[in-house]
Amino acid sequence: MKRRGLRRWISNGMVVIMAVAVVVAVMPLLLILGTLVVKGAGSINLAFFTQTPVPAGETGGGVAHAIVGTLMIVGAACVIGLPIGISAGIFCAEYPANPLARTTRFLADVMIGTPSIVVGLFAWTWIVARQRHFSGFAGSAALAVLMVPMVMRTTEELIKLVPNSLREAALALGYPRWRTSLVIVVRTALPGIVTGVLLAVARVAGETAPLLFTALGSQFMSTDLKAPLAALPLVVFTYATGPYEDWHRLAWATALVLIIVVMLLSIAARLATRQRFDRKG
Amino acid sequence: MSEPVGAVAEAAVPPSQPRIQTGLGGRSWADLGFRGVLTLGALAVPLLMAFLVWELWVGSRLAIGRYGLDFLVSSAWDPVAQQFGAVPLIFGTLVSSLLALVIAVPLSLGVAIFLTEFAPQAIRQPVAFLIELLAAIPSVVYGLWGIFFLIPFLREHIFPFLRSALGFLPLFQGPIYGQSMLAAAIILAIMVMPYIMSVSREVLLAVPASQREAAQALGATRWEAVITAVVPYAKSGIIGAVILGLGRALGETMAVTMVIGNRHEIAASLFAPGYTMAAAIANEFTEAVEDVHLSALTYVALVLFMVTVLVNAGARLLIWRVTRGAPTGGQGL
């Protein structure tokens with residue numbers, strides 16, 4: 001009887017230790033968000049969103065140039081990456097046994113694990129080294145390379161959730177294969193695909209490493225993808241590692257804005273996909 | 001439905017047989033065109049990968065030709081004298097990543113086991129969701145937080161405490177700068193935790209309830225049931241989750257370069273600054289002027305890429321074995 005008591009004690013003790021682990025694991029999130037709000041919220045005002053940087057060392061200025069730059073770079077990355085990712089995803093879901101589908105699926109998994117700095121270097125040798133100048137477009141290409149496998153995998157997973165009876169019904173009614181895929185299957189999976197795209201956008205919008213030697217960063221307002229462009233994550237990096245007190249202040253505020261955007265996108269996407277998966281079981 | 005969805009439709013219209021062409025006449029061209037467009041998209045992925053490897057190879061050819069495999073065993077890094085060796089970078093990458101796992105693995109497994117086996121139903125999803133949110137925070141924000149919050153905190157409280165308590169170990173000796181291998185490992189641990197946690201949780205959820213019931217019916221306490229019947233069943237999947245975390249840590253760039261101190265040195269002390277492969281590329285690439293320097297950094301990227309490919313492929317294989325219900329060698333019972 002005594003041993004039984006001891007074993008129960010150990011069992012309960014381990015549960016307590018694991019509960020403590022949960023508290024420890026949640027703490028970094030609260031600490032990071034808390035620090036961001038405390039140090040960043042005070043600097044967010046109209047000037048922050050509408051002005052461009054003042055000369056180094058002076059106080060004031062904003063990050064309007066980086067907001068525009070991020071929109072340009074990520075927008076162009078979507079234009080390049082989404083058609084490729086989505087069509088590859090539809091291919092892998094609609095022809096699952098095809099050898100090309102298997103190869104693509106495996107390589108997409110490998111690509112998802114590729115460090116983003118390596119992708120940045122790839123975009124440098126591919127575009128910047130050939131054109132002999134940095135450009136926002138090179139940054140977009142790097143981000144597109146990161147987006148393709150993410151979008152492809154979510155598209156594939158969500159199309160697989162579409163009940164086969166829908167396909168069979170459409171084919172039985174004499175729909176050709178392409179209309180079945182596009183009008184019935186893809187349209188049923190569309191909300192899920194859109195949330196997958198949002199998730200991918202949230203991921204790449206916060207990426208810094210692929211932009212370091214492609215988009216490079218800039219102090220000026222510009223919408224020219226052929227020239228170096230600023231981006232919010234690059235601003236955080238430059239300002240955080242710079243020597244000026246006012247830069248640090250702006251780095252916190254920029255990081256806060258960046259994280260609000262990224263978190264809203266990914267929370268929305270996650271909630272939407274979770275509902276869809278739950279319905280399926 | 002255990003068969004992959006789409007298999008039936010695939011069988012109804014086998015792509016290799018031109019039945020649809022003869023049967024449906026003119027519409028087949030639209031089908032072929034549609035399929036052609038999709039095939040182009042699917043082809044883009046292998047082509048991009050091949051192109052990436054090719055570009056890295058071409059870019060590093062100069063360094064490979066000059067240093068060969070000595071690059072991987074030499075520790076010189078002198079751009080002026082054109083001497084390059086990657087040992088401090090490889091050392092720093094491995095040490096920071098493994099140390100991060102030492103911190104993150106017990107924590108993430110504890111959370112995963114607690115959330116699948118013990119926690120009240122109501123808090124399971126929300127807590128998992130909160131921790132998974134960590135994965136959404138951009139790397140550069142971790143770096144910012146590391147510079148201005150974590151490092152001062154470690155420098156003033158944790159590091160002096162560790163030095164006085166464990167100072168007899170060479171790991172915890174020497175001057176405290178703040179920017180250090182240990183700071184990088186802690187940041188990395190926070191960053192990989194959500195990945196390890198959420199994949200192990202999925203794997204644990206895939207363990208059949210009969211495993212737990214059988215152990216408890218034999219008189220095991222709930223903890224004993226977990227340790228003897230649930231975790232062994234999920235073992236290869238959990239190892240896969242850990243390796244996946246390792247892959248993340250190895251390639252992590254911005255947060256690491258902002259807190260590790262960026263020095264081409266190998267130090268015994270965890271308080272000393274170090275360097276990683278990814279951090280060196282991020283830091284030196286824009287400043288490199290010599291072709292050899294650029295080429296050496298591309299060589300580093302090629303090595304990093306190959307390592308992460310191997311690590312990730314291994315992880316996927318292990319996770320796939322458990323979640324697809326493939327036999328795990330009778331270690332279940």
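The values are calculated or read from the model by the stated rules, or taken from the named source; none is laboratory data. The model shown is predicted, which means the values in this text are computed figures rather than measured ones. Ideal geometry is used to build each Cβ from the backbone, glycine not excepted, and the neighbour counts take in all protein chains shown.
Restricting attention to the range B:116-136, and to residues there that are free of Cβ contacts under 8 Å to residues at least 12 places away in the same chain and crowded, with 18+ Cβ neighbours inside 10 Å, which single residue is nearest to the other protein chains (Cβ to nearest Cβ)? Working first, answer last.
First pass over the range B:116-136, keeping only residues free of Cβ contacts under 8 Å to residues at least 12 places away in the same chain: B:119-126, B:129-130, B:136.
Filter once more, so that each one left must be crowded, with 18+ Cβ neighbours inside 10 Å: B:119, B:136.
Working: B:Ala119: 8, B:Ala136: 4 Å.
Step by step, filter the range B:116-136, then rank; the result is B:Ala136.
Does the range A:78-94 hold any residues that are without any contact (Cβ under 8 Å) to a residue 60 or more places away in the chain and surrounded by 24 or more Cβ atoms within 10 Å (Cβ to Cβ), and which are they?
Hit for the range A:78-94 is A:Phe91, nothing else.
Can you tell me which residue among A:Thr254, A:Thr238 is of a type in the set (Val, Ile, Thr) and surrounded by fewer than 24 Cβ atoms within 10 Å (Cβ to Cβ)? Don't jump to the end; show me each part of the working.
Numbers: A:Thr254 fails: surrounded by fewer than 24 Cβ atoms within 10 Å (Cβ to Cβ).
Checking each option against the conditions leaves just A:Thr238.
In the range A:1-41, what residues are of a type in the set (D, E, K, R), without any contact (Cβ under 8 Å) to a residue 60 or more places away in the chain and either within 8 Å of chain B (Cβ to nearest Cβ) or in contact with a His (Cβ under 7 Å, 6 or more places away or on another chain) (or both)?
So the first thing to find is which residues in the range A:1-41 are of a type in the set (D, E, K, R), and the list is A:2-4, A:7-8, A:39.
Those left that are additionally without any contact (Cβ under 8 Å) to a residue 60 or more places away in the chain: A:2-4, A:7-8.
Listed by number, the residues that qualify are A:Arg7, A:Arg8.
Scan the range B:275-292 for residues that are away from chain A (no Cβ under 13 Å) and modelled with pLDDT under 95 and jot them down.
Residues of the range B:275-292 that are away from chain A (no Cβ under 13 Å), as a first pass: B:275, B:289-290, B:292.
Once the filter is applied, which keeps residues that are away from chain A (no Cβ under 13 Å) and modelled with pLDDT under 95, the range B:275-292 yields B:Val289, B:Glu290, B:Val292.
Mind listing whichever residues of the range B:151-190 are free of Cβ contacts under 8 Å to residues at least 24 places away in the same chain and under 25 Å from B:Ala279 (Cα atoms)?
Residues satisfying the conditions are B:Phe153, B:Arg155, B:Ile158.
B:Ile113 fails exactly one of the following numbered conditions: (1) at the interface with chain A (Cβ under 9 Å from one of its Cβ atoms); (2) crowded, with 20+ Cβ neighbours inside 10 Å; (3) out of contact with any helix residue (DSSP H, G or I) (no Cβ under 8 Å at 6 or more places or on another chain). What is the number of that condition?
Condition (3) is where B:Ile113 drops out.
Restrict the check to the range A:210-218 and report whether at least one residue is at pLDDT 95 or above, out of contact with any Cys (no Cβ under 7 Å at 6 or more places or on another chain), in the same structural domain as A:Tyr239 (by TED's automatic domain parsing) and under 22 Å from A:Ser266 (Cα atoms).
Within the range A:210-218, one or more residues are at pLDDT 95 or above, out of contact with any Cys (no Cβ under 7 Å at 6 or more places or on another chain), in the same structural domain as A:Tyr239 (by TED's automatic domain parsing) and under 22 Å from A:Ser266 (Cα atoms).
How about the range A:87-120: which of its residues are more than 7 Å from chain B (Cβ to nearest Cβ), of a type in the set (Gly, Ala, Ser) and within 24 Å of B:Leu40 (Cβ to Cβ)?
Of everything in the range A:87-120, just one residue is more than 7 Å from chain B (Cβ to nearest Cβ), of a type in the set (Gly, Ala, Ser) and within 24 Å of B:Leu40 (Cβ to Cβ), namely A:Gly89.
Applying the selection to the range B:205-227, what residues are within 14 Å of chain A (Cβ to nearest Cβ), loosely packed, with under 12 Cβ neighbours inside 10 Å and either in contact with a helix residue (DSSP H, G or I) (Cβ under 8 Å, 6 or more places away or on another chain) or farther than 23 Å from A:Val16 by Cα (or both)? Lay out the reasoning, then the answer.
Keep residues of the range B:205-227 that are within 14 Å of chain A (Cβ to nearest Cβ), which gives B:205-206, B:212, B:215-216, B:218-227.
Now drop any that are not loosely packed, with under 12 Cβ neighbours inside 10 Å, which leaves B:218-219.
Correct list: B:Leu218 only.
For the range A:160-214, which positions are free of Cβ contacts under 8 Å to residues at least 12 places away in the same chain, at the interface with chain B (Cβ under 9 Å from one of its Cβ atoms) and among the polar types (S, T, N, Q)?
Listed by number, the list holds a single entry, A:Asn164.
Quickly run through the range B:209-226 and pick out the residues that are under 31 Å from the mean Cα position of the chain (by Cα) and touching a residue at least 12 places away in the same chain (Cβ under 8 Å). Full working, then the answer.
Going through the range B:209-226, the residues under 31 Å from the mean Cα position of the chain (by Cα) turn out to be B:209, B:211-212, B:223-226.
Hits for the range B:209-226 are B:Gln211, B:Arg212, B:Ala225, B:Val226.
Checking B:Gln125 against (1) more than 24 Å from B:Val309 (Cα to Cα); (2) within 23 Å of the chain's Cα centre (by Cα); (3) not charged (D, E, K, R): exactly one of these is not met. Which one?
So the condition that B:Gln125 fails would be (2).
Is it fair to say B:Ala63 is modelled with pLDDT of 50 or more and either surrounded by fewer than 18 Cβ atoms within 10 Å (Cβ to Cβ) or more than 7 Å from chain A (Cβ to nearest Cβ) (or both)?
Numbers: modelled with pLDDT of 50 or more: yes; either surrounded by fewer than 18 Cβ atoms within 10 Å (Cβ to Cβ) or more than 7 Å from chain A (Cβ to nearest Cβ) (or both): yes.
Yes, satisfied.
Take the residues in the range A:121-136 that are facing chain B (nearest Cβ under 8 Å) and touching a residue at least 12 places away in the same chain (Cβ under 8 Å), then tell me which one is surrounded by the most Cβ atoms within 10 Å (Cβ to Cβ).
Per the stated criteria, the residue is A:Leu121.
Quick check, is B:Ile158 surrounded by 21 or more Cβ atoms within 10 Å (Cβ to Cβ) and either assigned by TED's automatic domain parsing to the domain that holds B:Glu224 or of a type outside the set (A, V, I, L, M) (or both)?
Taking the combined requirement at face value, the residue does not satisfy it.
State whether one or more residues within the range A:43-66 are assigned by TED's automatic domain parsing to the domain that holds A:Leu256, buried (at least 19 other Cβ atoms within 10 Å of the Cβ), in a helix (DSSP H, G or I) and in contact with a strand residue (DSSP E or B) (Cβ under 8 Å, 6 or more places away or on another chain).
No; the residues of the range A:43-66 include none that is assigned by TED's automatic domain parsing to the domain that holds A:Leu256, buried (at least 19 other Cβ atoms within 10 Å of the Cβ), in a helix (DSSP H, G or I) and in contact with a strand residue (DSSP E or B) (Cβ under 8 Å, 6 or more places away or on another chain).
Out of the range B:76-106, which residues are at the interface with chain A (Cβ under 10 Å from one of its Cβ atoms) and surrounded by 21 or more Cβ atoms within 10 Å (Cβ to Cβ)?
Listed by number, the list holds a single entry, B:Ala104.
Those residues that are in a loop (DSSP other than H, G, I, E, B) and of a type in the set (S, T, N, Q), I need them from the range A:167-221; list them, please. Give the derivation first.
Here is the first cut: in the range A:167-221, the ones in a loop (DSSP other than H, G, I, E, B) are A:173-176, A:206-208, A:212-215, A:217-221.
Those that are in a loop (DSSP other than H, G, I, E, B) and of a type in the set (S, T, N, Q): A:Thr208, A:Thr214, A:Ser218, A:Gln219.
Just need a number here: residues in the range B:293-321 that are more than 13 Å from the chain's Cα centre (by Cα) and within 7 Å of chain A (Cβ to nearest Cβ).
2
Which one of the conditions (1) surrounded by fewer than 16 Cβ atoms within 10 Å (Cβ to Cβ); (2) modelled with pLDDT under 95 does B:Val199 fail to meet, given that it meets all the rest?
Evaluating B:Val199 over (1) surrounded by fewer than 16 Cβ atoms within 10 Å (Cβ to Cβ); (2) modelled with pLDDT under 95 leaves (1) as the failure.
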